[in-house]
Structure formats: structure tokens, C-alpha cells
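What follows is a short report on a single structure.
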Amino acid sequence: MTRTVIGIVIGILFAIPLLSTFLFTLRDRESGGLSFANWVRVFDPSNTQVLTPIWTGLGNSVVLAVVTVVIVLVVLLPTMILIELRFPNLARVFEFAVLLPISIPAIVLVVGLAPIYLQIGRMFGTGTWTLAFAYGITVLPFAYRSIKAAMDAVDLRTLAEAARSLGAGWLAVVIRALVPNLRQGLLAASLISVAVVLGEFTIASLLNRQVFQTALVVAQKIDPYASAIFTLLSLLFVFLLLLLVGRAASSSSRGRRRAGKASS
């Protein structure tokens, strides 16, 4: 009963601003009533003044989200596994370093990253995708907690030793023995990374990169209804992504339980 009440209260708190934004997008400036005229106007192919920056920023954000998730999975995950199995004495120091970015304001990060990005611009160019290096730092605390929770629920050392005793190399141990048992945490870390990238504005704005959030600011100056509409659509996308990740996580949990019952 308590869980239901809390769920209803939280649902109402989330629904009120979303419903208000949706009603705002339906406001007809000419008649004063409610209609879908703003939605039709925003998605009119001839409305290039609004659509061009939006689609450009959205495309850049999607690329950034993919690169950031790759950074998390390719850099953070192996490091956490290595510390868990080989260097447990460094766990506290590593945790402190990984969680540190959450206590540093984004504008302070930009001040420190600006000279670094001058060198990155000379080496890799000034493409928007290079923001993934900065975003990889900002998502570290959230991704770390998600993966760490999955690690704490699994005996990684026993799994690794069992795989090694069967002749598996370290790459096979990570990919075939450890990663499947950490799937739920990896999915959660990926979702959080995508959400952070799609919602980040400060770093992209101060480093003069065009992403989805900066494009919404441009669109809002041209048509305030367009900004509200695309904000709702982005929230809907993240919500559907959350449902997809939750469904995948529950499916993997059921698969592990069935495998355990079959082996017993």
C-alpha cells in the first residue's frame, strides 16, 4: 500500500509539468483555444528555420550519446573489473576519483577543459563528437554507481576463477563470464549516459558546440512552441528507452533464474 501511494504521488509530481507543457503546445494564438496547429506548423517541411537547427543538434547529440556510452563500456568497465579482481586496495581511491566530477559545477569543468580542448581541436578537429570526452567525465559518477551495484550483487572473483580454470583467456572471461552477469548494471549505466548527454547544455554552450539543448534555445527564440514540443518528444524518448531497458533487464533476470533452476 505504501509503495502504491508513493508511486502515485511521484507520478503526479512528474505529470503536472508535463501536462502543463503539453497544454501550452496546444494553445492557439489566433483563436485562444486548443488545437494541434502548433504541432502541424512545427513539423511543416517548409519550416526550415526551426527544423534545421533542431535536427542538426539532435543528430549531434545522438552521436555524442553513442560515443559516450562506448567510452563508459570500453574504459570504465574494464578498469572497474581490474580493480575488483586484481587491485582491491585501490578501490576507495578509484571511487573517490570517479565520484569527484559530481561535486564540481559544469562551468568549473569548462574552465579546466577549455585549454585541453584547444589541443583536442588541433589533434581531432572541432567536431561536436569531441564533446564526448567531457561528457564521459560528467557521467562517470552515475555510470559507476550503476555498474558497482551490479558488481556487488555478483561474485566476480569466483566467476573469473572458474572461467580461468576452464582455460578461458582474460578477454573471454570478461566478455563471456562477467559481462552477461553485469548486463542490468550496464544497461542502467548506458541509459543514464544517454539521458545526461541529451540534457546537457552548459558544457556544449560554453565550448560553442551545437547539440540538442543548444538547438532548443535557438528554436525557442524563433518559436517558443517548437521548443516545448521537442522537449516533450525528447522526454517521451527517454521514457520509452527506460521501459526498454527495464524490460531487457527483467528478461535477463528471468533467464538467469531459469538457467539456475535447470542446472540444479
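The values are calculated or read from the model by the stated rules, or taken from the named source; none is laboratory data. It should be emphasised that the depicted structure is a prediction, and the values quoted were computed from it without experimental measurement. Don't worry about glycine lacking a Cβ; one is built from the backbone with ideal geometry, like all the others, and counts go over all protein chains shown. Note: areas computed on protein heavy atoms with side chains; ligands, DNA, RNA excluded. Shrake-Rupley method; radii C 1.70, N 1.55, O 1.52, S 1.80 Å.
If G59 passes every condition in (1) surrounded by 11 or more Cβ atoms within 10 Å (Cβ to Cβ); (2) not in a helix (DSSP H, G or I) but one, which one does it miss?
So G59 meets the others, but not (2).
Within segment 64-78, does at least one residue satisfy the condition of being part of a helix (DSSP H, G or I), without any contact (Cβ under 8 Å) to a residue 40 or more places away in the chain and touching a helix residue (DSSP H, G or I) at 6+ places or on another chain (Cβ under 7 Å)?
For segment 64-78, residues part of a helix (DSSP H, G or I), without any contact (Cβ under 8 Å) to a residue 40 or more places away in the chain and touching a helix residue (DSSP H, G or I) at 6+ places or on another chain (Cβ under 7 Å): absent.
Which members of segment 200-215 meet the condition of being assigned to a helix (DSSP H, G or I) and either over 13 Å from N60 (Cα atoms) or touching a Cys at 6+ places or on another chain (Cβ under 6 Å) (or both)?
T202, I203, S205, L206
Please tell me if I102 is among the β-branched types (V, I, T), out of contact with any Gly (no Cβ under 7 Å at 6 or more places or on another chain), under 22 Å from V74 (Cβ atoms) and open to solvent by 30 Å² or more (accessible area, probe 1.4 Å).
In short, yes.
Hey, could you check segment 223-241 for residues that are open to solvent by less than 70 Å² (accessible area, probe 1.4 Å), in contact (Cβ under 8 Å) with a residue 60 or more places away in the chain and assigned to a helix (DSSP H, G or I) and say which is farthest from G127 (Cα to Cα)?
Y225
Which residue out of R183, R164, R209 is surrounded by 13 or more Cβ atoms within 10 Å (Cβ to Cβ), at pLDDT 80 or above and under 30 Å from L109 (Cα atoms)?
R209
So which residues in segment 242-264 are exposed (fewer than 13 other Cβ atoms within 10 Å of the Cβ) and modelled with pLDDT of 65 or more, if there are any at all?
Selection gives L243, L244, R247.
Filter segment 109-132 down to the residues that are polar (S, T, N, Q) and in a helix (DSSP H, G or I), then identify the one that is least open to solvent (accessible area, probe 1.4 Å). Spell out the reasoning first.
Filtering segment 109-132 for residues polar (S, T, N, Q) gives 119, 126, 128, 130.
Filter once more, keeping what is in a helix (DSSP H, G or I): 119, 128, 130.
On the way: Q119: 99, T128: 26, T130: 0 Å².
So, considering only residues that are polar (S, T, N, Q) and in a helix (DSSP H, G or I), the one least open to solvent (accessible area, probe 1.4 Å) is T130.
Looking at T138 and the list (1) under 15 Å from I71 (Cα atoms); (2) open to solvent by less than 20 Å² (accessible area, probe 1.4 Å), which single condition is not satisfied?
The number of the failed condition is (2).
Could you check how many residues of segment 6-37 are more than 24 Å from the chain's Cα centre (by Cα), part of a helix (DSSP H, G or I) and over 23 Å from G199 (Cβ atoms)?
The number of residues fulfilling the criteria is 4.
Which residues, taken from segment 186-195, are among the β-branched types (V, I, T) and open to solvent by 40 Å² or more (accessible area, probe 1.4 Å)?
I192, the sole residue that qualifies.
Restricting to segment 147-161, and then to whatever is small (G, A, S) and open to solvent by 20 Å² or more (accessible area, probe 1.4 Å), can you tell me which residue is nearest to A91 (Cα to Cα)?
A149
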